[in-house]
Amino acid sequence: MTELGIPVFNTPGANANAVKELVLCGMLLGSRRIVDGINHMKDLGAQGLARERVEKDKAMFGGQEIKGKTLAVIGLGHIGAMTARDAEQLGMKVKGYDPGLSVQSAMKLPRDMNLVDSITAAVSGADYISINIPYVKGQGGTHGIIGKDVVEHFSPNAVLMNFARGELVDSDAMKEFLDSGDGKYVTDFPEDLLWDHKNCIVLPHLGASTEEAEDAAASMAADTIREYLENGTIVNSVNFPDTHLDARPEDTVRFTVVNKNVPGALAAITEAISNEGLNIVQQINHSRGDIAYNVCDISTSGNDVVSFKNVQEQITMVEGVISTRIIYGQAGVGYAKNLDGEYFV
Ligand SMILES: NC(=O)C1=CN([C@@H]2O[C@H](COP(=O)(O)OP(=O)(O)OC[C@H]3O[C@@H](n4cnc5c(N)ncnc54)[C@H](O)[C@@H]3O)[C@@H](O)[C@H]2O)C=CC1
Ligand SMILES: O=C(O)C(=O)COP(=O)(O)O
């Protein structure tokens, strides 16, 4: 896509509320023996004994309340920050760890929250632990980040909620922990070693599976693409630079140019515009890795459509330019070079 000059977008945070609600649910599943109780009632029901035994058998499924307990949140992004905030509302003490905490997330955190400087410090003494960080492979990544060295700092009855990715947790270390005490692992991801462990509750990756999350992601994606098509703005792209644009001034057309991030391309674009006697009213040039994105608003006074077509044709054929677009009136019209360098409309 990058090679073709096409930005790819994602929808950060659109499903965060759905995941946060399931983390809270996971915490309750880990504090009360809800799953065991449901299974037991089904067994009794099948034997026609449910009503007869319910009051007697409930003593087998006692639990604990979450109010007053400590939750550690590892990763305070869209999901983690909301989880921290809501846990505090439920009467929990909350601490957290996130070396890359954004201002946007920091503003959502509860005021009394205890921010610590390591995962170990976060999990030590916590009754519940929620991991909400991305899975990143390779050196310096997050594979198995909840390993033996971290698990050995868990309280014996700690409940770990993993609604991020299965690979973040070292299953051997987790199995050893679950075997040795009354701790629990509530996860959205199956794991061969743990799926039928008596202290493990596994859900089928349901975190984002709500109608609301799907609607929010679809509508955010539509808004993002519309902004790009109509105004040239780039936000939440995984391969293009963020480019926030002022509104196009009156009596201008907007040229957007995607080019390889090489010396000389910007000068050649500007030169092509001035060679046609056109005046640039405002201009922006952002780059990310091998890609640069230029936006030039050009005055229309005294110019006709044909002269814009000419200059666009010239810009499109500049060495290193991958594609160009001209935005005017209400809708945009795209022009591009194909991969053989041939200009087409
Ligand atoms: N169960 C499900 O269906 C879903 C799971 N997810 C998972 O949840 C993860 C988090 O999602 P969001 O909160 O939306 O992402 P986000 O990008 O808003 O937040 C992630 C946070 O983790 C922090 N972080 C990264 N590495 C860290 C580390 N080693 N230690 C501590 N903090 C670290 C970052 O600084 C960032 O603030 C996603 O990466 C995804 O894997 C997301 C959506 C649905
Ligand atoms: O957004 C994520 O990271 C998720 O895990 C959600 O996955 P899904 O969209 O439900 O396949």
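Screening segment 109-138 for residues that are in a helix (DSSP H, G or I) and β-branched (Val, Ile, Thr) and picking the one that is nearest to ligand 2 (Cβ to nearest atom) gives ILE119.
TYR185: aromatic (Phe, Trp, Tyr) and under 28 Å from GLY144 (Cβ atoms), yes or no?
Yes.
VAL35: outside any loop (DSSP other than H, G, I, E, B), more than 16 Å from ligand 2 (Cβ to nearest atom) and within 23 Å of GLY207 (Cα to Cα), yes or no? Yes, satisfied. When the test is whether a residue is touching a Phe, Trp or Tyr at 6+ places or on another chain (Cβ under 9 Å) and either under 24 Å from ALA87 (Cα atoms) or crowded, with 19+ Cβ neighbours inside 10 Å (or both), GLY13 does not pass it.
One line per residue, one yes/no per condition, for (1) among the hydrophobic types (A, V, I, L, M, F, W, C); (2) open to solvent by 60 Å² or more (accessible area, probe 1.4 Å); (3) within 16 Å of ligand 1 (Cβ to nearest atom):
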{"position": "ASP179", "(1), (2), (3)": "no, yes, no"}
{"position": "VAL186", "(1), (2), (3)": "yes, no, yes"}
{"position": "LYS198", "(1), (2), (3)": "no, yes, no"}
{"position": "ILE201", "(1), (2), (3)": "yes, no, yes"}
{"position": "LEU206", "(1), (2), (3)": "yes, yes, yes"}
{"position": "ALA222", "(1), (2), (3)": "yes, no, no"}
{"position": "GLU230", "(1), (2), (3)": "no, yes, no"}
{"position": "SER237", "(1), (2), (3)": "no, no, yes"}
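Note on segment 139-173: among residues that are touching a Leu at 6+ places or on another chain (Cβ under 8 Å) and farther than 17 Å from SER124 by Cβ, the one that is farthest from ligand 2 (Cβ to nearest atom) is ASP172. Condition check for SER171 on (1) open to solvent by less than 50 Å² (accessible area, probe 1.4 Å); (2) more than 21 Å from GLU21 (Cβ to Cβ); (3) in contact with a Lys or Arg (Cβ under 8 Å, 6 or more places away or on another chain): one failure, at (3).
Return the residues of segment 151-177 that are more than 11 Å from ligand 1 (Cβ to nearest atom) and part of a helix (DSSP H, G or I); say none if nothing qualifies.
Taking segment 151-177 as the starting set, the residues that turn out to be more than 11 Å from ligand 1 (Cβ to nearest atom) are 151-160, 169-177.
Selection gives VAL151, SER171, ASP172, ALA173, MET174, LYS175, GLU176, PHE177.
Does GLU21 satisfy the condition of being open to solvent by 70 Å² or more (accessible area, probe 1.4 Å) and modelled with pLDDT under 95? Judged against the criteria, GLU21 is not a match.
Taking GLN104, is it open to solvent by 90 Å² or more (accessible area, probe 1.4 Å), under 23 Å from LYS20 (Cα atoms) and of a type outside the set (Phe, Trp, Tyr)? Working first, answer last.
Working: open to solvent by 90 Å² or more (accessible area, probe 1.4 Å): yes; under 23 Å from LYS20 (Cα atoms): yes; of a type outside the set (Phe, Trp, Tyr): yes.
Spelling it out, GLN104 is indeed open to solvent by 90 Å² or more (accessible area, probe 1.4 Å), under 23 Å from LYS20 (Cα atoms) and of a type outside the set (Phe, Trp, Tyr).
Among the residues of segment 181-218, those identified as without any contact (Cβ under 8 Å) to a residue 60 or more places away in the chain, within 12 Å of ligand 2 (Cβ to nearest atom) and either in contact with a helix residue (DSSP H, G or I) (Cβ under 7 Å, 6 or more places away or on another chain) or under 15 Å from VAL35 (Cα atoms) (or both) are PHE189, PRO204. From the list ILE145, ILE74, ILE79, the lone residue that is surrounded by 14 or more Cβ atoms within 10 Å (Cβ to Cβ), in contact with a helix residue (DSSP H, G or I) (Cβ under 7 Å, 6 or more places away or on another chain) and closer than 21 Å to ASN199 by Cα is ILE145. All conditions in (1) within 13 Å of ligand 1 (Cβ to nearest atom); (2) open to solvent by less than 30 Å² (accessible area, probe 1.4 Å); (3) aliphatic (A, V, I, L, M) hold for MET92, with the sole exception of (1).
The values are calculated or read from the model by the stated rules, or taken from the named source; none is laboratory data. The structure presented is a predicted model; accordingly, all values stated were derived computationally and were not measured. Don't worry about glycine lacking a Cβ; one is built from the backbone with ideal geometry, like all the others, and counts go over all protein chains shown. In case anyone asks, the SASA skips ligands and DNA or RNA and just uses the protein heavy atoms, side chains included. Shrake-Rupley method; radii C 1.70, N 1.55, O 1.52, S 1.80 Å.
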